[in-house]
1. Once you keep just the Cα pairs under 8 angstrom separated by 6 or more residues, what percentage relative contact order results for the chain?
2. Once you have a ≥ b ≥ c as the square roots of the Cα gyration tensor eigenvalues for region 1-85, tell me rounded if a/c is under 1.5, and otherwise prolate or oblate according to whether a/b is larger than b/c.
3. Return the label of the correct value of Cα extents along the principal axes in Å, as calculated from the structure shown, out of (i) 69, 49, 30; (ii) 109, 48, 34; (iii) 67, 41, 30.
4. Cα-Cα over 26 Å: which of LYS128/LYS230; LYS80/LYS150; LYS18/LYS80; LYS128/LYS234; LYS150/LYS230; LYS128/LYS220?
5. What translational diffusion coefficient, in µm²/s and rounded to a whole number, does the Stokes-Einstein relation yield for region 134-227 at 20 °C and a viscosity of 1.002 mPa s, taking the hydrodynamic radius as the Kirkwood radius over Cα pairs?
6. With a probe of 1.4 Å, find how much accessible area region 53-96 has per residue, and write the answer as a whole number in Å².
7. Once Lys and Arg get +1 and Asp and Glu get -1 on their Cβ, which of ILE112, CYS176, PHE155 lies farthest toward the positive end of the dipole of the chain?
8. Over region 75-171, calculate the relative contact order: mean separation of alpha carbon pairs under 8 Å at least 6 apart, over the residue count, as a percent.
Amino acid sequence: MNTSLRIALCDSDPGDRKQMERLLERESDRRVNTTGVFYVDTFGGVEAIVNAAMLYDVYFLDSTDPICDSYGIAEAIRNKGILSPIVFCISTIDYRKSGKPLPNTYFMDKPIKVTELTEMIDTIIEEKRNNYIPTIELRNNYEAFYVTEKDILYFEGSGYNVNVHYVGGNIKPATCMIDQLWRDLYAFPTFQLINDTTIVNMRYAASTGLMSVLMRDSSKHTVNLNTMKKVKDKYKKYSESGNISEMHI
């Protein structure tokens with residue numbers, strides 16, 4: 001897989017920010033023929049990085065903004081469903097002592113040393129190789145957020161309004177069209193467009209009927225005639241039970 005990195009850098013200190021940009025550029029140059037180049041987006045403010053549409057492979061943070069410091073940014077990133085590593089770059093605030101520990105976080109003391117940065121980048125690349133989970137980017141009027149295939153039971157909606165139904169029972173609105181979303185899901189074969197308003201994750205189908213599919217949350221959805229064979233095939237292949245059940249539901 002491609003181990004080029006997309007990096008988000010947020011630092012309140014302009015001098016430190018420029019220095020980190022230079023260090024990352026040199027690190028990228030050294031790796032151009034091995035692990036791949038880096039693409040770095042720099043953010044000086046909290047809102048810009050939290051609301052960024054791009055999903056980054058790693059976030060380097062040192063925001064001392066009293067309204068929202070690096071720990072607050074990291075919490076917001078995790079709340080959006082982003083699982084990428086977060087590296088706290090410590091200057092005036094020791095983020096090791098900030099709030100409850102967040103998953104997949106690292107710490108580096110300033111000034112950043114070249115050898116330590118190289119070791120950190122090696123760790124990030126290795127994690128990307130070993131633990132990469134494709135995500136689905138969704139947006140609504142308030143935010144961009146990310147989900148994994150296993151998060152989703154089904155999508156349902158019309159026009160530009162789609163409800164995202166999570167496996168745990170939560171529902172979140174997204175702004176997109178079902179047909180465009182279906183095209184965006186080409187890399188996730190467990191999903192199936194079953195009618196003009198619904199995409200289901202066949203991993204969580206409980207059974208199929210004559211012209212319908214029953215999901216594991218007991219919701220029933222009508223299936224178009226020309227899609228029924230695909231639904232049956234995917235149910236047999238992807239459902240957790242592994243056995244197709246013909247039920248008139």
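1. On the way: 412 pairs, mean separation 28.0, N = 249.
The value is 11 percent.
2. Working: a/c = 2.81, a/b = 1.41, b/c = 1.99.
Taking the square roots of the gyration eigenvalues as a ≥ b ≥ c, region 1-85 is oblate.
3. Only one option fits the structure, namely (iii).
4. Numbers: LYS128/LYS230 33 Å; LYS80/LYS150 16 Å; LYS18/LYS80 28 Å; LYS128/LYS234 29 Å; LYS150/LYS230 20 Å; LYS128/LYS220 38 Å.
Pairs exceeding the cut-off: LYS128/LYS230; LYS18/LYS80; LYS128/LYS234; LYS128/LYS220.
5. Working: Rh = 13.3 Å.
Reported coefficient: 161 µm²/s.
6. 37 Å²
7. Checked the options; the winner is PHE155.
8. 20 percent
The values are calculated or read from the model by the stated rules, or taken from the named source; none is laboratory data. Since the structure is predicted, the reported quantities are computational estimates derived from the model, not experimental observations. Note that each Cβ is placed from the backbone with ideal geometry, even for glycine, and that neighbours are counted across all protein chains shown. Ligands, DNA and RNA are excluded from the accessible area calculation, which covers all protein heavy atoms including side chains. Shrake-Rupley method; radii C 1.70, N 1.55, O 1.52, S 1.80 Å.
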